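Notes for the one structure printed next.
Here, each number is a calculation from the coordinates, and none is a lab measurement. Since we're looking at a predicted model, the values are computed, not measured. Here the Cβ is made from the backbone with ideal geometry for all residues, glycine too, and neighbour counts use every protein chain on show.
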């Protein structure tokens, strides 16, 4: 079945479902997205939306913002029903947020943060990068900021003085571009995104080299506000997320996202991040 | 340059003019090519200016806020995406600097690192409204201010790849060169043929004149160009001139020929008297013989008288004949030649009642190297001229001296001296004025022919013309 006909079929199903459903069923479920994955790929976004429409039987509105902070803010104030956030902002607002599910990547709900440099750069570790320029992904990103900053802190150095210049590229792909293009010497990037990029844009990642990988940390989770956990929209969404690997649309979306499935997770998954947060906040 | 000019001048006209025409064609071709190339450059530069202005304007809109915030990533992201979008083929590098000249970001950060000084990159950058494509440089740099919200917030330096434009211009230059060379060669060759064809009659005229060796002969009418062109008129003028020159030469030749007889002609009346005078006595003698045939003494006296008269007549006739005998040309001068002259000249002196002073003091051996006919011609002309100048009861003199080196002839008269016209004839080569005789000019020609000289002097109311003829001069 081609993409077009499949979309048409989905639209028909959605329309039929909407016609037969109560009024709330026509209100779209809003899912906030952060650049924890290949958020620049329209195809991926569309497939994910289609799979969730199929799974929930309701219209899905995927809400993207430039920064994690904006999406987190939207979620906290009720602008979206749920969000695919990084573990770091989840822990920052752990008191108000609840886990919906954690994606499983390469068999586990875990990922790593990569420290990358230009392909020709002789650096072999973080300490070699002192005094250089560095690209972070987002100030609220675990892999794109917290891991590197906490590593610097653990080395006993001041994160704000370690690099001569730092910048936020707001997206892991952007970090990879900044390093590949030579804008900065090094970058902190989501290992999952970098690996996914290596599969779809090998020419880009080939111009970078991973010199350090963090320990395995909790994969960016789907979260919602604690008070919304029982909302029909949220429960419907959660069921759809868990059921992604059971429908053809879901499987296609997972294939594009290079994920296995989404499973229920526990906050203890993010203990590694919690530990790094403590290290940084302690300074 | 001088040698080239000289070499060019030594070329025949039929080659020189086509060469000059070809040279002019080359010059025109070069100027035209230059014009085309500069027009092409102007078009290319205008295109580049528009492109660069669009590029900068677009970037200014997109980058303004980011530059204001000094947002390195935003600036880089915009430049990187703009490069990837296609304009990168022309824009090789774009650098955005803040108003202090520090690089915020560049499309290629390796060439222009963040926070580096933009100065070296801005060096040689041209403002957009004055973009020029100079030389064979494949890249040029432009610089423009980055204005946002009405104020300058930074600078944009862009490196443009103009290799295709340079190549296009070079190709156009080569095509023009090839085309112009071919056209110039063709036109020069055509010009050469046309010029040669046009100048062919001139070459023919020059060739004809070259063959004449001093004489002018008309060009046959078949060789005269058709139509009433300048060249046809030139040929006709040449033919008219050559005819006139020929006629003049012929007239002069006939005049000189006649002059030899003119001097004798002038003596004719005297000679007639000379012959007539004794005739009465001779006739009387024949009457006497007839009347006194029986008186031997009377007959003898009459016969003697008859004999003397006839001998005198014989001498006069011989002298006259000798003067004009062509078979004597080349004969050496003898004392008898002076006697002949005296015989011929004395009747003229007698007729005019003049006094003749005649002195020939020369050895036979010293006379021999000189041609008789030439000397006799010279002397007879000068003596007749002297007699005419001296007038009635005047005096005429001849003094001849000779040594082994030269023959000196001095003719004197008591006349008023040589007129300007006579002097001009005798001493110069100026054209002979009409109205006068050619005797004195003949003397000059003969003396010059013999390698001699003529002096004219006036002393004691006597005109003296001295002719000196070197021994061994040109034989007559």
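Using a 10 Å cut-off around each Cβ, can you sort B:312, B:139 from fewest to most neighbouring Cβ atoms? Kindly include the intermediate steps, with their values, before the conclusion.
Numbers: B:312 16, B:139 12.
Ordered by Cβ neighbours within 10 Å, fewest first: B:139, B:312.
Could you tell me the distance between the Cα centroids of the range A:205-280 and the range B:158-225, to the nearest Å?
What the calculation gives is 88 Å, centre to centre.
Just need log10 I(q)/I(0) for the range B:2-178 at q = 0.15, 0.17, 0.18 Å⁻¹, Debye formula, equal scatterers on the alpha-carbon atoms, no solvent, rounded to two decimals.
Values, matching the q order: -0.83, -0.99, -1.07.
Show me the three semi-axes of the equivalent ellipsoid for the range B:286-384, from the C-alpha gyration tensor (sqrt of 5 times each eigenvalue), largest first, rounded to whole Å. Write down the numbers at each step before the final one.
Values: eigenvalues 248, 53, 31 Å².
Working through the eigenvalues yields semi-axes of 35, 16, 13 Å.
Compute the long axis of helix B:72-84 from its Cα atoms, compare it with the longest principal axis of the Cα atoms of chain B, and write down the angle in degrees, 0 to 90, nearest 10.
Approximately 60 degrees, to the nearest ten.
Please find, in a Gaussian network model of chain A (springs between Cα atoms separated by less than 10 Å), the residue of A:119, A:164, A:239 whose mean-square fluctuation is greatest.
Comparing A:119, A:164, A:239 in a Gaussian network model of chain A, the most mobile one is A:164.
In what sequence, highest mean first, do B:354-362, B:59-67 appear when ranked by Cβ atoms within 10 angstrom?
Packing proxy ranking, top to bottom: B:59-67, B:354-362.
So which residue, out of A:153, A:71, A:117, gets the largest mean-square fluctuation from a GNM of chain A using Cα contacts under 10 Å as springs?
Highest fluctuation of the listed residues: A:153.
What is the order of A:165, A:209, fewest Cβ neighbours within 10 Å to most?
Lowest count first: A:165, A:209.
Work out Dmax and Rg for the range A:148-283 from the C-alpha atoms and quote the Rg first, both in angstrom.
Cα radius of gyration and Dmax of the range A:148-283 are 18.2, 50 Å respectively.
Restricting to DSSP H runs of at least four residues, report the calculated mean residue ellipticity at 222 nm for chain A, -39500 (n - 2.57) per run over all residues, nearest 500 deg cm²/dmol.
-12000 deg cm²/dmol
What number, rounded to the nearest 500 deg cm²/dmol, is the helix-based mean residue ellipticity at 222 nm of chain B, given -39500 (n - 2.57) per DSSP H run of at least four residues and division by all its residues?
-21000 deg cm²/dmol
Could you state the number of Å between the C-alpha centres of the range B:333-380 and the range B:55-93?
Centre-to-centre (Cα) distance: 125 Å.
What does the convex hull of the Cα atoms of the range A:113-214 come to per residue, in Å³, rounded to a whole number?
77
Tell me whether the range B:104-157 comes out rounded, prolate or oblate; compute the Cα gyration tensor, take square roots of the eigenvalues as a ≥ b ≥ c, and use a/c under 1.5 as the rounded threshold.
oblate
Most mobile of A:196, A:230, A:253 per a Gaussian network model of chain A (Cα springs, under 10 Å)?
Its mean-square fluctuation being the largest, the pick is A:230.
Looking at the calculated P(r) for the range A:55-118, what percent of the C-alpha pair distances fall above 13 Å?
71
From the square roots a ≥ b ≥ c of the eigenvalues of the alpha-carbon gyration tensor of chain B, which class results: rounded (a/c under 1.5), prolate (a/b over b/c), or oblate?
Prolate is the answer for chain B, as a/c is 1.5 or above and a/b outweighs b/c.
Could you work out the mean count of beta carbons from other protein chains within 10 Å of each residue's beta carbon in A:128-135?
1
If neighbour count is taken as other Cβ atoms inside 10 Å, put A:235, B:222, B:288 in order from fewest to most.
Neighbour counts put them in this order, fewest first: B:222, A:235, B:288.
Could you order the peptides B:170-176, A:186-192 from most to least packed, using the average number of other C-beta atoms within 10 Å per residue?
Descending mean neighbour count gives A:186-192, B:170-176.
Quick check: from the Cα gyration tensor, does chain A come out rounded (a/c under 1.5), prolate or oblate?
Note, shape of chain A comes out prolate.
Return P(r) of the protein assembly as shown (all Cα-Cα pairs; 10 Å bins starting at 0; whole %; ordered from short to long distances).
Each 10 Å bin holds this share of Cα pairs: 2, 9, 12, 10, 8, 6, 5, 4, 4, 4, 4, 5, 5, 5, 6, 5, 3, 2, 1, 1, 0.
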